[in-house]
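As structure tokens, the structure follows; a few thoughts come after it.
Laboratory data are not the source of any read-out in this text; all were calculated from the coordinates shown. What you see is a predicted model, and the numbers here were worked out from it, not measured in a lab. In this analysis, Cβ positions are derived from the backbone assuming ideal geometry, glycine residues included, and neighbour counts consider all displayed protein chains.
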Amino acid sequence: MTDVVIQIVNLTREYLMGAERVQALRGVSLEIRRNEYVAIMGPSGSGKSTMMNLLGCLDTPSTGEYWLNGQEVSRMPDDALARVRNKEIGFVFQTFNLLPRASALQNVELPLVYAGTSARERRDRSRHALERVGLGNRMDHRPNELSGGQRQRVAIARALVNEPSILLADEPTGNLDSATSADVMRVFDLLHRQGQTIVVVTHEADIAAHAERVVTLRDGRIASDARQEKVQAA
Amino acid sequence: MPFVEAVRMALTTLWTQKLKSFFSLLGVLIGVTFLIAVVSIVQGMNVYMENEFANRLVGLNTFQVRRMPNFNMGNITDEMWREWLRRPRINYGDASFIQAKLETPAIFSRSCDDRTQIVANGKSAKDIRIEVVDPGYFTIKNYDFSAGRPFTAQEARAGLPVAVIGNDVAEKMFPGIDPIGKSIAIGGLPYRVLGVTTKQGTLFGMSLDAFILAPFDSPLKRIACRLGYMDEFHVQTPSVNQMNQAVGETEGLMRIRRQLRPAQDNNFAIQTAEGALSGWKKISGVLFAALPGLVAISLVVGGIVIMNIMLMAVSERTREIGIRKALGAKRRDILAQFVIESATISTVGAAIGIVLGIGLAFVVKATTPLPAAVAPWSIGVGVFLGIFVGMVAGVYPASRASKLDPITALRAE
């Protein structure tokens, strides 16, 4: 039981677009275990983004259940969800989403600020997280003084600093060239080997190839869920 | 709670957008500047009026018995004025009656004054204030002497033609000469100068040193006291309490002497330093009553400007709010962040206002005879208003920010 990090039962999500009712997810059930490396794929309009928002507790489902690390989060109020996002989830976005006016270190400290960690501990843990992604020498740089790959690594450090149950990445290499992409994916592979549960939402097959399991969505339903041989990082 | 971070961010925002910040601070800045400056100037006036005006012109723990009040700053109606003119004058008998019957220990001096021409040392001067007084007057007015001495009780009793002159008269009539022992002709009679008082300076631009004092019973009385009436009778007591007691006693004695029935009003005036200030108190009261209104207007305007700046900041930083929410910021974290930021902006405005207000007060102090005194409480009020206006102005933008949906906010450009 403790092995299951994410358990989704018959999840649906509807939106109202003007007068029209759009069904983004039409009953999805999924289980993700600790230390799994899962890629969620699908063409645009398949419900990928909705899935990502629900998994990241940024949104709540219309019906169905979502258990994250033993807690039912599908019916939680806003502030409780904020706490879950803070403790259980580390986000990595396509556009990095770093605060432009804060240094790398300050960006990484942000989740700890909202967790109420003391200033000294914040600093120590953030340094450590930046060192883990190989940016120990860039702590005081602002995002605009860093390359795209470095920015994404700052974002990964920020996602990891609270030791979340899952690392949730949304098209993490979408804004990077292929060399840098490979670089970032190597970091993911490394983290996975260290025991981190990772969920990557992507439409690129070569990114999904890094995962050991690929879930494909089509029209708001799971079209396939397959384990695969992990490709070795080049 | 990221309090320090929010303050630091607000200051960074202010610094990077100096011109915009300046305009957003202007309202609060003007309000607080105004508050500090007006309070400082009025407080300064208060100190000035109490120390300089009242105590110099009336004297410490001193009151005067007069026909009508001599310091009138309030509104005097024609009717009041006519009633005053119908009053009997104070005569010598009134003075000796009070002096004889008053039980509170006191120093007394009768006085009459007028303005006339004087001649001395081959020069003449017009419109010089001449005053006949008793020897107690020097104690009452706390005069120091830069040369010579006051006249003695014997000289006063004998009504000798001697005089004490103010510093201005000494400088004007006897430039470079020692005036002691010299003679001044007033109304054709020579008076011997006994002493010169120390320079007292000016009050509202009027010199306090252009006078000649002679014994009450000297021949000058015939010029200064017309028809055997007296202008003022000064009474000085050792302490404030005794003064209040003496004022009560004197009022009773005068009413007995004038045979006033209980229903009748006093037909004389007892002028205390406090009474002399009543007109000024009225003026400063009006200023203090109008001040909150004027300050409030600029603070409301300042608050609205800050609210707009904060609304702009919220829409410019929607993405940032989304990021913070994704990373675990609760509603109240976002709310606090923007309220603190707004309060910081406003407080910076208030701080600049305080500095400018104090500066303005010092400019007034340097360029006018008013000694502006900065009141510490007004600085406290300024800081409080700055924080308060900022918080109030920040609540609405901050609550909008805190209610943003994280998904939509993350998608914002």
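For chain B, set up a GNM with springs between Cα atoms under 10 Å and report which of B:43, B:259, B:337 has the largest fluctuation.
In the Gaussian network model the winner is B:259.
If N is the number of residues in chain B, what value comes out of its Cα radius of gyration divided by 2.2 N^0.38 Å?
Compared with the compact-globule rule of thumb, chain B sits at 1.49.
In whole angstrom, and with the biggest value first, how far do the Cα coordinates of chain A range along each principal axis?
Result, largest extent first: 48, 41, 41 Å.
Tell me which residues come under 5 Å, amide H to amide H, from residue A:62 once H is placed; ignore anything under 5 positions away on its chain.
A:12, A:13, A:14
What percent antiparallel are the DSSP beta bridges of the protein assembly as shown, to the nearest 5?
On the way: 63 of 89 bridges.
Here the antiparallel bridges make up roughly 70 percent for the protein assembly as shown.
Residue by residue through the stretch B:111-120, what is 3J(HN,Hα) from phi via Karplus (6.51 cos²θ - 1.76 cosθ + 1.60, θ = phi - 60°)? Round to whole Hz and write x for glycine and proline.
Once rounded to whole Hz, the list reads 7, 9, 9, 7, 10, 8, 8, 10, 10, 7.
What do you get for Rg/Rh over the stretch B:111-230 if you use C-alpha atoms and the Kirkwood form of Rh? Write down the numbers at each step before the final one.
Working: Rg = 13.1 Å, Rh = 14.1 Å.
Taking Rg over the Kirkwood Rh, I get 0.93.
Long-range amide H contacts for residue A:201: which residues qualify at under 5 Å (H placed 1.01 Å from N, peptide plane, sequence gap of 5 or more or a different chain)?
Hits under the 5 Å cutoff: A:40, A:169, A:170, A:171.
Give me the distance in nm between label points sitting 7 Å out from Cα along the Cα-to-Cβ direction at residue A:131 and residue B:202, one decimal.
Modelled inter-label distance: 7.5 nm.
Distance between the C-alpha centers of the stretch A:163-223 and the stretch A:51-68? Whole Å please.
Comparing the Cα centres of the stretch A:163-223 and the stretch A:51-68, I get a distance of 19 Å.
Taking the number of other C-beta atoms within 10 Å as the exposure measure, put B:53, B:151 in order starting with the fewest.
On the way: B:53 18, B:151 25.
The most exposed by this proxy come first: B:53, B:151.
Suppose each label sits 7 Å from its Cα in the direction of the beta carbon; what would the residue A:179-residue B:312 distance come out to in nanometres?
Result for the modelled spin labels: 4.2 nm.
Name the most mobile residue of B:170, B:350, B:158, meaning the one with the largest mean-square fluctuation, in a Gaussian network model of chain B with Cα contacts below 10 Å.
B:158
Could you work out the relative contact order of the stretch B:26-179, using alpha carbon pairs under 8 angstrom and six or more residues apart, expressed as a whole percent? Mind dumping the intermediate values first?
Details: 86 pairs, mean separation 25.5, N = 154.
Relative contact order for the stretch B:26-179 comes out at 17 percent.
Just to check I understand the Karplus step: with θ = phi - 60° and J = 6.51 cos²θ - 1.76 cosθ + 1.60, what whole-Hz values come out for the stretch B:171-178, glycine and proline as x?
5, 6, 8, 10, x, x, 10, 6
Tell me, what is the percent relative contact order of chain A, built from C-alpha pairs under 8 Å that lie six or more residues apart?
Numbers: 468 pairs, mean separation 64.8, N = 234.
Relative contact order for chain A comes out at 28 percent.
Given N residues in the stretch B:314-413, what is its alpha carbon radius of gyration divided by 2.2 N^0.38 Å? Don't skip to the end; give the middle numbers.
Values: Rg = 19.6 Å, N = 100, 2.2 N^0.38 = 12.7 Å.
Compactness ratio reported: 1.55.
Given the alpha-carbon gyration tensor of the protein assembly as shown, what are the semi-axes of its equivalent ellipsoid in whole angstrom, ordered largest first, with each equal to the square root of 5 times an eigenvalue?
On the way: eigenvalues 1712, 125, 65 Å².
Three semi-axes, in Å: 93, 25, 18.
Could you work out [θ]222 nm for chain A from helices alone, using -39500 (n - 2.57) per DSSP H run of at least four and dividing by all its residues? Round to the nearest 500 deg cm²/dmol.
Details: 7 runs with 78 residues, N = 234.
One gets -10000 deg cm²/dmol as the mean residue ellipticity at 222 nm.
Past the 19 Å Cα-Cα mark, which pairs from B:182/B:221; B:325/B:403; A:87/B:325; B:172/B:365; B:123/B:199? Working shown, then result.
Values: B:182/B:221 21 Å; B:325/B:403 10 Å; A:87/B:325 13 Å; B:172/B:365 29 Å; B:123/B:199 21 Å.
Over 19 Å Cα-Cα: B:182/B:221; B:172/B:365; B:123/B:199.
Counting each DSSP H run of 4 or more residues in chain B as -39500 (n - 2.57), what helix-only mean residue ellipticity at 222 nm follows after dividing by all residues, to the nearest 500 deg cm²/dmol? Let's see the in-between values first.
Details: 15 runs with 227 residues, N = 413.
Value at 222 nm, helices only: -18000 deg cm²/dmol.
Antiparallel versus total DSSP beta bridges in the stretch B:111-230: what percent is that, nearest 5?
Numbers: 23 of 32 bridges.
Of those bridges, close to 70 percent are antiparallel.
Could you give each residue of the stretch B:15-20 its phi-based ³J(HN,Hα) in whole Hz, using Karplus coefficients 6.51, -1.76, 1.60 with θ = phi - 60°, and x for Gly or Pro?
Per residue, the Karplus-derived 3J(HN,Hα) values read 6, 6, 10, 4, 5, 4 Hz.
Other chains' Cβ within 10 Å of A:83-93 residues: what's the mean?
Values: counts 2, 1, 7, 6, 1, 1, 3, 1, 4, 0, 4.
The shielding value for this peptide is 3.
Using a 10 Å cut-off on Cβ to Cβ distances, tally the other chain neighbours for every residue of B:327-337 and report the average as a whole number. Intermediate results must be reported in sequence, preceding the final value.
Working: counts 19, 17, 8, 9, 3, 2, 4, 1, 0, 0, 0.
Mean partner-chain Cβ count within 10 Å for B:327-337: 6.
If R0 is 45 Å, what FRET efficiency do you get for residue B:47 and residue B:77 from their C-beta distance, rounded to 0.05? Could the numbers behind the result be given before it?
Working: r = 31 Å, r/R0 = 0.69.
That gives a FRET efficiency of 0.90.
Could you list B:111, B:399, B:24, A:224 in order of exposure, starting from the residue whose Cβ has the fewest other Cβ atoms within 10 Å? If you can, show how the numbers build up before the last one.
Working: B:111 21, B:399 15, B:24 27, A:224 11.
Ascending number of Cβ neighbours within 10 Å: A:224, B:399, B:111, B:24.
What Kirkwood hydrodynamic radius, in Å, does the stretch B:1-149 give when the mean of 1/r is taken over all pairs of distinct Cα atoms and then inverted?
On the way: mean 1/r = 0.0453 Å⁻¹.
22.1 Å is the Kirkwood radius here.
Can you give the mean number of other chain Cβ atoms that lie within 10 Å of the Cβ atoms in peptide B:42-50? Numbers along the way, then the final one.
Numbers: counts 0, 0, 0, 0, 0, 0, 0, 0, 0.
For peptide B:42-50, the averaged partner shielding equals 0.
With just the Cα atoms defining each centre, how far is the stretch B:156-223 from the stretch B:337-413? Give it in Å.
Cα centroid of the stretch B:156-223 versus Cα centroid of the stretch B:337-413: 58 Å apart.
Using Cα-Cα distances under 8 Å and only pairs 6 or more residues apart, what relative contact order does the stretch B:111-230 have, in percent?
Numbers: 253 pairs, mean separation 43.6, N = 120.
Averaging sequence separation for qualifying contacts and normalising by length gives 36 percent for the stretch B:111-230.
Separation between the residue B:171 and residue B:17 pseudo-spin-labels, each 7 Å from Cα along Cα→Cβ, expressed in nm?
With each label point 7 Å from Cα toward Cβ, the separation is 5.9 nm.
For a quick check: sort B:47, B:392, B:193 by the number of other beta carbons within 10 angstrom, fewest at the front.
On the way: B:47 14, B:392 18, B:193 24.
Least to most surrounded, the residues fall as B:47, B:392, B:193.
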